[in-house]
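The values are calculated or read from the model by the stated rules, or taken from the named source; none is laboratory data. Treat the numbers as computed from the prediction; the structure is a model and nothing was measured. Counting neighbours? That spans all protein chains shown, and the Cβs are built from the backbone with ideal geometry, glycine included. The protein model used for the area step is the full one, side chains on, heavy atoms only, and it has no ligands, DNA or RNA in it. Shrake-Rupley method; radii C 1.70, N 1.55, O 1.52, S 1.80 Å.
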Amino acid sequence: MSIAKVPAGRGAAWIGQSISLVTARPVAWIGGTAVAIGLNFTLGWIPVIGWILNQLIQFLVIILAFHFAQAQMRGEDFDLDTALDHTKSRLSRLVLMMAISTLLFFICALPVLGALVAAGGIDFLMQQQTHMPELSWTSSLIIAFGGLVSGIASTVAFAATCFTTPLILFQNQSIGNALRLSLNAVRRNLGPLLIFTVLIVLFLAVCAIPLGLGLIFGLPTALASLYVVYEELLGKAEAL
């Protein structure tokens, strides 16, 4: 299947398009986010079971947000039953992909964690001290190198996984194909995706300034933007 290549300016346009989606249906986007945040906060007080339920809720929120964004962009009515039925047929792959993503990012964190252990800085994290102990130049260099390796690995992992959920959900791709297509889409559109990433991070930072209250608008916009980008780069192609 083909992957679109777009000009760098699309990076900023994707943000504007996502804001338009949210402002066009604020009750659904912002209301849904408020409910999800409320449930997340409440379940956070329940050990183990609360964490598990929160993961399920976050997974469901992402899936429904993608379905809702697709319906909006294509001028269709959103039907919850249809969305859930559609998801059920791909549920095992979606859950497995989520587990693979989690494992990949854990592996990516190992270099910096190993560097902290080697440099003696792990005690700072484990004991939750308020001040970082003084480290030697060598220890600081080890931690910096570990952070660099983890950062590069995490960037590659994100590139390989960022579009996997909609590729599996809407185009019925296998996990292997979804990883390959996601990585190729990012590689083919590094310019606009870099601009998009910088802008969405700045946008969320601004939203977080008023005691985090602006995130009630920022989070659904960021979630909608993931589908907007997918739709333009990969969503118009036929499934294999």
*Accessible-area composition of segment 186-236, carbon plus sulfur, in percent [1.4 Å probe]*: 81
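Just from its helices, what would the mean residue ellipticity at 222 nm be for the chain, if runs of 4 or more DSSP H residues each count -39500 (n - 2.57) and the sum is divided by every residue, rounded to the nearest 500 deg cm²/dmol? Let's see the in-between values first.
Values: 11 runs with 183 residues, N = 240.
One gets -25500 deg cm²/dmol as the mean residue ellipticity at 222 nm.
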*Considering the chain, what Rg and Dmax in Å follow from its alpha-carbon atoms?*
19.6, 61
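On full extension of the chain, what length is gained from L91 through R74, given 0.36 nm per residue of separation minus the C-alpha to C-alpha distance? Display every interim value, and only then the final one.
Working: separation 17, 0.36 × 17 = 6.12 nm, distance 2.36 nm.
Computed gain between L91 and R74 is 3.8 nm.
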*Taking springs between alpha-carbon atoms closer than 10 angstrom, which of A222, A13, A115 fluctuates most in the Gaussian network model of the chain?*
A115
_segment 35-46 - phi-based ³J(HN,Hα) in whole Hz, Karplus 6.51/-1.76/1.60, Gly and Pro as x_ = 5, 4, 5, x, 5, 4, 5, 5, 5, x, 7, 9
*If one takes the longest principal axis of the Cα atoms in the chain, at what angle in degrees, from 0 to 90 and to the nearest 10, does the Cα axis of helix 49-73 lie?*
40
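Over the chain, give the accessible area per residue in Å² for a 1.4 Å probe, as an integer. Mind showing how you got there, number by number?
Numbers: 13450 Å² over 240 residues.
Per-residue value: 56 Å².
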*Protein chains only, probe 1.4 Å: how do D77, D85 rank by accessible area, largest first?*
D77, D85
*About its Cα centre, how strong a charge dipole does the chain have in debye, to the nearest 20, once Lys and Arg get +1 and Asp and Glu get -1 at the Cβ?*
500
*Once both labels are modelled 7 Å past Cα along the beta-carbon direction, what's the I3-F105 spacing in nm?*
2.1
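With a ≥ b ≥ c taken as the square roots of the eigenvalues of the C-alpha gyration tensor of segment 1-117, please select rounded if a/c is under 1.5 and otherwise prolate if a/b is larger than b/c or oblate if it is not?
On the way: a/c = 1.64, a/b = 1.23, b/c = 1.33.
Oblate is the answer for segment 1-117, as a/c is 1.5 or above yet b/c matches or exceeds a/b.
Tell me the relative contact order for the chain as a rounded percent, counting alpha carbon contacts under 8 Å between residues six or more apart. Don't skip to the end; give the middle numbers.
Details: 234 pairs, mean separation 90.8, N = 240.
RCO, the chain: 38 percent.
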